Amino acid sequence: MNILKIWTVRAEGMMFRVFILLIGFGFSVSGGVTLIMYLNFLAAGLSFQDYFLFILGRVESYLLLAGIFLITISIYSPARKS
């Protein structure tokens, strides 16, 4: 009975980490697609400097960094000792 309790506690912690991983993956995909979509401005005649200044002003561009951060935290955070 005690082994079952330990296993369920570990499974709950693992499910939280998988949830954070999936949220981070969604943020990364959304931010990456946004950055690729805004690359069309280069074809419209903007310079790289104008592109980067535009990207820095958009909130959804930071989703890529937030997603990579969440993925890194979910993978490399140490497991709880019970």
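So here's what we get for this one:
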read-out: Residue, surrounded by the most Cβ atoms within 10 Å (Cβ to Cβ), within the stretch 26-74, restricted to residues that are in a loop (DSSP other than H, G, I, E, B) and of a type outside the set (D, E, K, R); value: L46
read-out: E12 being surrounded by 15 or more Cβ atoms within 10 Å (Cβ to Cβ), acidic (D, E) and at pLDDT below 95; value: no
read-out: Matching residues in the stretch 33-80 - criterion: being under 18 Å from V18 (Cα atoms) and of a type in the set (D, E, K, R); value: R80
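The values are calculated or read from the model by the stated rules, or taken from the named source; none is laboratory data. As the structure is a computational prediction, the values presented were derived from the model and not from experiment. Positions of Cβ are generated from backbone atoms using ideal geometry, with glycine treated the same way; all protein chains shown enter the neighbour counts.
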